[in-house]
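The values are calculated or read from the model by the stated rules, or taken from the named source; none is laboratory data. Quick caveat: nothing in here was measured; it's all calculated off a predicted structure. Ideal geometry is used to build each Cβ from the backbone, glycine not excepted, and the neighbour counts take in all protein chains shown.
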C-alpha cells in the first residue's frame, strides 16, 4: 500500500484502487471484546466501529459480525498478551 509503482505514491491512489470490489466485510471480534483484551488505556485503542467507517463511503459495503467471537477472542489473546 505504500507504493504501487516506484513513481506512484499512496496519495496518487484512487479510493477504488484501495477498496477494489469489496462489498462485504465479515469480522470475528467485537470492539468491546477487543478492548477488554487490550485495555481502554492502551494507545492502540481507536473507538471507531468499522460500520461507521464504511458507512461514510459512497459505495455500500455490508458489515457482518461479530462472527465466531469465542474463536476470534482466542486468536487476539495470543497476539495482545
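Looking across the stretch 30-48, the residues that are part of a loop (DSSP other than H, G, I, E, B) and under 15 Å from the mean Cα position of the chain (by Cα) come down to 30, 44, 45, 46, 47, 48. In the stretch 54-68, the residue that is surrounded by the fewest Cβ atoms within 10 Å (Cβ to Cβ) out of those that are part of a loop (DSSP other than H, G, I, E, B) and modelled with pLDDT of 90 or more is 56. Of the listed requirements (1) surrounded by 14 or more Cβ atoms within 10 Å (Cβ to Cβ); (2) at pLDDT below 85, residue 28 misses just one: (2). So in the stretch 36-53, with the set limited to residues that are touching a residue at least 12 places away in the same chain (Cβ under 8 Å) and surrounded by 10 or more Cβ atoms within 10 Å (Cβ to Cβ), which one is farthest from residue 77 (Cα to Cα)? Step by step, filter the stretch 36-53, then rank; the result is 51. If we scan the stretch 14-24, do we find a residue that is touching a helix residue (DSSP H, G or I) at 6+ places or on another chain (Cβ under 7 Å), modelled with pLDDT of 60 or more and assigned to a loop (DSSP other than H, G, I, E, B)? The answer is no; no qualifying residue exists. Considering the conditions (1) exposed (fewer than 13 other Cβ atoms within 10 Å of the Cβ); (2) modelled with pLDDT under 90; (3) over 14 Å from the mean Cα position of the chain (by Cα); (4) assigned to a helix (DSSP H, G or I), residue 71 is excluded by exactly one of them, (2). Residue-level analysis places residue 51 among those that are in a helix (DSSP H, G or I) and in contact with a strand residue (DSSP E or B) (Cβ under 9 Å, 6 or more places away or on another chain).
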